[in-house]
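Notes to accompany the following structure.
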Amino acid sequence: MALLSLLILACAGSTPEPVTPQMPAVEATVKPTPEQPVAVEPAVEELGPVNLTSPVGDVVKGESIRIAGSAQVFEGHLQIRLTRDGERITDATVVTAAAPERGEFELVVPVTPGPLTLEIFTRSAKDGSEVPLIKRELTAEAAQN
């Protein structure tokens, strides 16, 4: 106990000084050479306003087409239009998360065999006009048993 009292009295009048660890400065430089170029990969995959995950390819088999993906668009409203020879098969509005968030969308539309045009767009915040994002020509084929 006497030793503890002696330590407390010894420390009471002193102010501890901050201890700063000293680390040697290290400088690293990577110099590319023609034989070994330096490749820089993006830290995050950059997606456009719409990332379409379905349909994959230009041919759709079966009695319906699944249109799916993710989007980051004004007010979270995405327009999907499917036409054949200029005639609308569907003209749908799907709601995803509002920007800056990214949201998922999915729409299943019955189709018959033949050529199709898929258009995905949003509306302008300025004047409400269509802002095209994706336009793909597709072919619907009957499912084979």
Where does the charge balance sit around Thr122 when Lys and Arg score +1, Asp and Glu -1, over other residues with C-beta under 14 Å from its C-beta?
-> 0
Any residue on another chain or 5+ positions along whose placed amide H is under 5 Å from the amide H of Thr96 is listed here as His77, Leu78
Net length gained if the chain between Phe74 and Glu130 were fully extended (0.36 nm per residue, minus Cα distance) | 19.0 nm
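What number comes out for the charge environment of Ile67, summing +1 per Lys or Arg and -1 per Asp or Glu over other residues with Cβ under 11 Å away? All intermediate terms of the calculation are to be shown ahead of the outcome.
Numbers: positive: Arg66, Arg81, Arg136; negative: Glu106, Glu119.
So the surrounding residues net to +1.
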When you count, for each residue, the other Cβ atoms within 10 Å and take the mean per peptide, how do 124-131, 48-55 rank with the highest first?
-> 48-55, 124-131
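Using only the Cα atoms of segment 50-141, build the gyration tensor, take square roots of its eigenvalues as a ≥ b ≥ c, and label the shape rounded, prolate or oblate: rounded if a/c is under 1.5, else prolate if a/b is larger than b/c, else oblate.
Prolate is the answer for segment 50-141, as a/c is 1.5 or above and a/b outweighs b/c.
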With Cβ to Cβ distances under 14 Å as the rule, what net charge do the other residues near Thr96 carry (K, R +1; D, E -1)?
-> -2
Estimated inter-spin distance, Val108 and Glu63, nm [label 7 Å along Cα→Cβ] | 1.1
Name the residues whose placed amide hydrogens come within less than 5 Å of the amide hydrogen of Thr139, ignoring near sequence neighbours (fewer than 5 apart) on the same chain.
-> Val59, Val60, Leu116
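Since every read-out is calculated from the coordinates, none of them should be taken as a lab result. Predicted model, so just to flag it, every value in this text is computed and none were measured. Quick reminder, even Gly has a Cβ in these numbers, built from the backbone with ideal geometry, and neighbours come from all protein chains shown.
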